[in-house]
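What follows is a short report on a single structure.
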Amino acid sequence: LLHGAVDILGIGAGALVLGAFGRVPTVERPWGMGGWGLGTVPETVLAAAAYLVVGRGLLWYLRAPRGRGLPTVARSALVRQGLVAVALLGIAPLVCVVADAQPVLLPLFAVPLIALDSALWMARARAEEQLRDPLTGLPNRQWLLERIWTALDDAERIGARSALLLIDLDRFRSVNDTLGHLAGDRLLLQIADRLRHALPRGAEAARLGGDEFAVLLPVADSTTSATRIARGLVTTLSSPLDLDGLTLVLEASAGVALFPDHALDAEGMLRRADVAMYQAKRDRSGVEAYESKRDSNTPDRLALLGDLRRALDAHEVQLHYQPKVRFDGQVAGLEALVRWVHPERGKVPPDEFIAIAETSGLMPLLTEYVLETALAQVARWREQGLRVPVAVNVSPRDVHSPGFAGSVAARLARHGVPAGALQLEITEHVLLEDPTRAADTLAALTGHGVKMSLDDFGTGYSSLVHLRRLPVSELKIDRSFVARLAVDTEDAEIVRCTVDLAHSLGLVVVAEGVEDDETWERLRDLGCDAVQGWLVAAAMPPEETTAWLRARGSRGWRSPAALPAGE
C-alpha cells in the first residue's frame, strides 16, 4: 500500500509536468503524445525527475530515521534504484514511440523490464545477505547499528527507554585451541539457537563476531529490568552444552547500556555496553550495567589519566601512612596509601584515579612509583632507628606481570631494605584470571622473604578456597564487616569465625575501619590481633608519621578509653 500510494503520487507529478508542456491525453492520443523529437527531451526528463523526486523521495523520507540521515541500507537502495531509474529513462523513448505508433507491441517490453526487476531483486537479496552472519544466520553488526538507530528514534518519539545488551562467552578461545575451530563453530550454532529461543518478546539478537552477541530491547522499563533480562540470558547460555557426548559449560558475561540514560546514539550504546561487559568480566559478576564513573574512556577521565601520568613523572603523587596497632599497644606496621592533590580539581579520591590506572595500563607505573617511594621512606626510617614494616597494595595486573617478583627484590636490594620490612597486600582477584602465573609470582615473592597480606577478605568469591591457595601470613577483615560489629550480631559472628579460621591456619588477623572504642573492645574479645582505622590514626604524611612513631615508641599506643583521666 505504501509503495503503491507513493507511485500514484509520483505518476501524478509526472503527468502534471507533461500537462504543463501541453501533453494532455485525448481520445485520439490516449497517451498524450505526438510530435516527439529531440525538442521534447527536456520535458521528458523533467517528468521522470518529478516522478522520482515525489515518488521515491517521499518513500525514502518516510523510511529514514528522523534527524539521522539515510541509513546505510537505505543509501545502498538509493544507489540501486537510481541506476534502475537511469535504465528506465533510457528505454522510455522507445516505449513512447511504440505506444504512439504500435501500442499492440507494448507487451514485448515486459521481457527486459522483468529482467531488470529480477536484477533489482537479486541485488536486494545480496544486500540482505551482507546484513546476516554467515555462520549463525543472525543479523550482523551493520544491521544492528541500523536497527538501534530506528529503535532510538521510536523510543525518543514516545518518551521511552531502549536497552542494548552485549554478551560475550568467557574463555571461548580455549575451546577453539583444544577442540578446533569446527567444534567452536558448532558450539556457536547452539549458543545462537539458545539465544533465539530465550529472547523476550520484541527483543532482537545479532552476532557481532567471534563469541560476541548483542540483544536489542527496543523498549525497556529501567536499568533494573534490562539487567534482569540480561541475567536470564546469561543463565540460559551458561547451562551445559553437548558436543558429541562431551558436556561443556561456557560461562557468559553481559554489559547493559540504556538510552537515553547512558548514550544518545547507536555507536555510543555499543561502546558503553562493551565497557559494562568487560567490567562484568573483570569482576566475575556475570552482568553489569554501564556506570560512567567506571568508564576510563570518557573525555573527563581521559584528561584525568593524562594528568595522573604527568603527576607521577613530576612526583606530585604522595604517600600517606596509616598505622596498624596490636592490642598490647605495639605498632604492628604501616600501610602506604596513595594521595593525589590535583592543581585544578583538588583532592582526587583514590578509588577514582586507581580505577583509571587499572583500566588504562598505567597501573604498573603507579605500582612502581608507590614501591619506590615507600621503600625509600622505609630506608630513611631505618636510618633514624624506626624499624617498622610497611604494606603496599598491588593489583592483580601487577602480580600477572612477568618479572614482577624480580623487580621487587631488586628494589629492596637497591634501597638496602630487608625483605621482611615490606608487605604486599593483595586481593583474591589475583587468582581469578591466571591462577598459575599468580601462584608462581606469589611463591617467588615469599621466596625472597616478602610477606603477603590478603586484603578485603570476605568480599570476593570462594574465599576459603583461595585462602588455602594463597601464601599469605596476614588476613585483613574488610571494613564492611567491622563497621557494624558492635550492633549487628551476624557481622560479629562472621568476624569471630574469620578470626578462628585464620588462627587455625597460622595467620595474623587485622581489622580495618575501626572508628570507636566499643568496636575496639569487641575485636579484642573476639581474638583479633591488630586494628587499623581512625580510632588509632588517620593516614598521615611521612613527617607526621615519623612524629607519631617517635611519640609512641616508648609507651606504645592505647585506646582512648584506656587512657588515665586527663591524658
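Quick notes on this one:
- Qualifying GluC sites (Glu not before Pro) in the stretch 336-371, DSSP loop, other Cβ atoms within 10 Å at most 11: GLU344
- A dipole drawn for the stretch 478-543 from +1 and -1 charges on Cβ atoms has a positive end, and of ALA537, HIS503, ALA492 the residue lying farthest that way is HIS503.
- Debye log10 I(q)/I(0) at q = 0.11, 0.12 Å⁻¹ for the chain, Cα point scatterers: -1.11, -1.22
- GluC sites (Glu not before Pro) restricted to DSSP loop in the stretch 291-342 with at most 13 other C-beta within 10 Å: GLU291
- Contact order normalised by residue count of the stretch 141-294, Cα under 8 Å, 6+ apart, percent: 29 percent
- Radius of gyration, Dmax [the stretch 141-294; alpha carbons; angstrom]: 15.3, 51
- Expected 222 nm ellipticity per residue - DSSP helices of 4 or more, -39500 (n - 2.57), all of the chain, to 500: -16500 deg cm²/dmol
- Each residue in ARG173, ARG309 was given a count of other beta-carbon atoms within 10 angstrom of its own, and listing them fewest first yields ARG173, ARG309.
- Cross-link reach is defined here as a Cα-Cα straight distance under 16 Å, omitting same-chain residues fewer than 8 places apart; for LYS324 the lysines meeting it are LYS451, LYS476.
- Using C-alpha pairs below 8 Å separated by at least 6 residues, the relative contact order for the chain is 9 percent.
- With each label modelled as a point 7 angstrom along the Cα→C-beta vector, the ARG141-HIS181 pair spans 1.7 nm.
- Sequence of ARG382, ARG484, ARG56 once ranked by neighbouring C-beta atoms within 10 Å, starting from the fewest: ARG484, ARG382, ARG56
- Projected over every direction and averaged, the convex hull enclosing the alpha-carbon atoms of the stretch 102-168 yields 8.2 nm².
- For SER253, SER238, order by how many other beta-carbon atoms lie within 10 Å, fewest first: SER238, SER253
- Reported to the nearest whole Å, the Cα centre-to-centre distance from the stretch 186-220 to the stretch 252-285 is 16.
- The magnitude of the dipole of the chain, with charges of +1 and -1 set on the Cβ of Lys/Arg and Asp/Glu and taken from the Cα centre, is near 1040 debye.
- DSSP-defined antiparallel bridges as percent of all bridges, the chain, nearest 5: 60 percent
- Here the simple spin-label model places points 7 Å from the Cα toward Cβ, and for LEU246 and ARG310 these points are separated by 5.4 nm.
- At q = 0.14 Å⁻¹ the log10 of I(q)/I(0) for the stretch 299-543 amounts to -0.99, computed by Debye summation with a single uniform scatterer per C-alpha, solvent ignored.
- Hull shadow area, averaged, the stretch 218-330 [alpha-carbon convex hull, nm²]: 14.2 nm²
- Estimated FRET transfer efficiency (SER480, ASP153; beta-carbon r; R0 51 Å; 0.05): 0.70
- Distance histogram for the stretch 274-373 (every C-alpha pair counted, 10 angstrom bins, percent rounded to whole numbers): 13, 39, 27, 16, 4, 0
- Net charge over other residues, Cβ less than 10 angstrom from the Cβ of LYS324 (K, R count +1; D, E count -1): -2
- Partners for LYS293 among lysines (Cα-Cα distance below 23 Å; same-chain residues under 8 apart left out): LYS281, LYS347
Computed from the coordinates by the stated procedures, all read-outs in this text should not be read as laboratory data. Quick caveat: nothing in here was measured; it's all calculated off a predicted structure. Note: ideal-geometry Cβ built from the backbone for every residue, glycine included; neighbour counts use all protein chains shown.
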